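The values are calculated or read from the model by the stated rules, or taken from the named source; none is laboratory data. Model, not experiment: these values are computed from the prediction. Neighbour counts run over all protein chains shown; Cβ positions are idealised from the backbone, glycine included.
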Amino acid sequence: MYAKEVKEYLESQLQAIRESGLYKDERIIRSPQGARIKVKEGEVLNFCANNYLGLANSPELIAVAKKALDERGHGLSSVRFICGTQDIHKELERKVSEFLGTEDTILYSSCAAANEGLFEVLVGPEDVVISDQLNHATIIDGVRLWGMVHKKKLSSGAVQFPENRVLKHSDMADLEKHLRETQDRRFRLIATDGVFSMDGDVARLQEICDLAEKYNAMVMVDDSHSTGFFGPGGRGTPAYCGVEDRVDIITSTLGKALGGATGGFTSGKKEMIELLRQRSRPYLFSNTLPPAIVATGMKVLDIVSQSSDVRKRLEENTAYFREKIAGLGFDIRPGTHPIVPIMLYDAKKAARMADRLLEEGLYVIAFSYPVVPREQARIRVQISAAHTREDLDFALAKFEQVGRELGAIA
């Protein structure tokens with residue numbers, strides 16, 4: 001029964017979130033995703049989607065999706081191992097493997113599902129996971145699930161969990177310390193984002209792989225914010241860092257650059273992928289990806305593989321915006337990635353700036369705790385190949401106007 005005390009507790013929690021400036025409203029979009037979108041305030045310029053290649057509303061992809069609906073239906077009403085595997089699912093898995101240079105690939109409903117279904121299968125209670133402290137929440141949740149699944153009850157009655165070591169962000173000395181101290185374990189798995197989603201910085205994969213080889217550890221990379229547009233040929237951070245053949249496991253998504261819809265995958269050594277097909281719960285107990293998503297995923301891989309034009313446009317847009325926004329005096333995280341965090345530190349100021357920018361026709365979102373650490377509030381701008389130079393200049397002008405108004409820049 002929904003007791004009065006429960007209701008009062010929940011309301012108090014929500015009120016505390018509002019008063020701290022951390023409440024997250026969901027703005028309603030009344031149009032397809034794109035560089036420009038319609039909201040209740042009217043048409044605005046969108047600078048906060050993961051639509052890196054600008055393909056979320058591509059007429060070409062929409063046509064491919066419609067064709068797949070006509071030929072393969074709306075959905076499979078089944079998990080993969082019962083009657084949910086069409087030939088196009090196997091074809092997409094093959095295409096992803098070829099694109100990334102891996103041995104095999106398994107599809108999931110999302111990269112979140114891929115991450116959550118990975119660790120409990122590939123590592124056990126006698127192993128250790130070393131995870132970067134700024135990893136995506138779904139990696140953290142996957143590691144937590146591994147711990148819960150493989151916990152042991154000791155004769156004393158205490159519960160012993162497998163050891164998850166948290167690596168200081170991109171600190172190679174700390175990584176080596178963890179590796180050196182765990183050499184008695186059966187397996188060590190280093191887990192990291194390829195690009196860290198709140199800061200836009202790239203994992204130091206060359207050094208990570210060097211240490212992994214020195215201490216006989218495995219390397220797992222979540223490359224959701226790279227696949228399809230970052231690094232040589234858009235093949236992500238392993239290619240960017242020159243370690244394509246040294247990373248054991250890649251998880252990523254179809255829901256960002258690769259069409260912007262949904263779906264994810266794990267790609268890597270064939271034995272790992274085969275075991276995931278047999279034991280990974282999010283794969284075994286979730287409906288298979290809809291045919292329209294599979295078809296558009298394959299089409300995007302063809303587009304990215306056959307031409308560099310859209311990736312080049314994204315690179316140019318990113319470099320231009322980064323240079324100009326820093327020149328205005330904003331504190332941004334350095335780098336070359338289309339994620340551009342504009343640091344404001346104060347949650348209320350960040351929320352107010354996002355609101356004012358929306359009033360001025362620029363759609364951005366403030367990020368604050370618990371999405372980022374306390375006192376690290378920011379507006380995360382994301383550049384798209386769909387943005388024109390005029391779009392970028394408009395955004396820069398509005399950031400300058402509102403930034404001066406709120407005292408974020410002098």
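Does the range 52-59 contain any residue that is of a type outside the set (Asp, Glu), exposed (fewer than 12 other Cβ atoms within 10 Å of the Cβ) and more than 22 Å from the chain's Cα centre (by Cα)?
The answer is yes; a qualifying residue exists.
Pick out the one residue from LEU145, LEU175 that is in the same structural domain as SER252 (by TED's automatic domain parsing), buried (at least 17 other Cβ atoms within 10 Å of the Cβ) and either touching a Pro at 6+ places or on another chain (Cβ under 7 Å) or under 28 Å from PRO290 (Cβ atoms) (or both).
From the options LEU145, LEU175, the qualifying one is LEU145.
Yes or no: the range 247-260 includes at least one residue that is without any contact (Cβ under 8 Å) to a residue 24 or more places away in the chain and more than 27 Å from ILE62 (Cβ to Cβ).
Within the range 247-260 (the criterion being without any contact (Cβ under 8 Å) to a residue 24 or more places away in the chain and more than 27 Å from ILE62 (Cβ to Cβ)), the answer is no, since none of the residues qualifies.
For the range 144-157, state whether one or more residues are modelled with pLDDT under 95 and touching a Ser or Thr at 6+ places or on another chain (Cβ under 8 Å).
no
Output the residues belonging to the range 265-277 that are of a type in the set (A, V, I, L, M, F, W, C) and either out of contact with any Asp or Glu (no Cβ under 6 Å at 6 or more places or on another chain) or assigned to a strand (DSSP E or B) (or both).
Passing the criteria: PHE265, MET272, LEU275, LEU276.
Can you tell me which residue in the range 361-388 is surrounded by the most Cβ atoms within 10 Å (Cβ to Cβ), limited to those that are farther than 20 Å from GLY329 by Cα and modelled with pLDDT of 95 or more?
Among them, the one singled out is SER384.
Of the residues that make up the range 78-88, is at least one free of Cβ contacts under 8 Å to residues at least 40 places away in the same chain, more than 17 Å from ILE273 (Cα to Cα), among the hydroxyl-bearing types (Ser, Thr, Tyr) and loosely packed, with under 13 Cβ neighbours inside 10 Å?
Scanning the range 78-88, I find no residue that is free of Cβ contacts under 8 Å to residues at least 40 places away in the same chain, more than 17 Å from ILE273 (Cα to Cα), among the hydroxyl-bearing types (Ser, Thr, Tyr) and loosely packed, with under 13 Cβ neighbours inside 10 Å, so the answer is no.
Please specify each residue of the range 158-175 satisfying the condition of being part of a loop (DSSP other than H, G, I, E, B) and at pLDDT 90 or above.
Answer for the range 158-175, where residues must be part of a loop (DSSP other than H, G, I, E, B) and at pLDDT 90 or above: LYS168, HIS169, SER170, ASP171.
Would you tally the residues in the range 176-193 being of a type outside the set (S, T, N, Q) and over 13 Å from GLU213 (Cα atoms)?
So the count comes out to 8.
Does GLN206 qualify as being free of Cβ contacts under 8 Å to residues at least 12 places away in the same chain, surrounded by fewer than 20 Cβ atoms within 10 Å (Cβ to Cβ) and not hydroxyl-bearing (Ser, Thr, Tyr)?
It is false that GLN206 is free of Cβ contacts under 8 Å to residues at least 12 places away in the same chain, surrounded by fewer than 20 Cβ atoms within 10 Å (Cβ to Cβ) and not hydroxyl-bearing (Ser, Thr, Tyr).
Within the range 337-387, work out how many residues are outside any helix (DSSP H, G or I) and either among the hydrophobic types (A, V, I, L, M, F, W, C) or assigned by TED's automatic domain parsing to the domain that holds LYS168 (or both).
18
Just one of GLU103, GLU41, GLU126 is in contact (Cβ under 8 Å) with a residue 60 or more places away in the chain, surrounded by fewer than 17 Cβ atoms within 10 Å (Cβ to Cβ) and in the same structural domain as GLU390 (by TED's automatic domain parsing); which is it?
Step by step, each of GLU103, GLU41, GLU126 is checked, and only GLU41 is in contact (Cβ under 8 Å) with a residue 60 or more places away in the chain, surrounded by fewer than 17 Cβ atoms within 10 Å (Cβ to Cβ) and in the same structural domain as GLU390 (by TED's automatic domain parsing).
Would you confirm, using the coordinates I've provided, whether THR262 is more than 26 Å from VAL219 (Cβ to Cβ), assigned to a loop (DSSP other than H, G, I, E, B) and not assigned by TED's automatic domain parsing to the domain that holds ALA385?
Criteria met by THR262.
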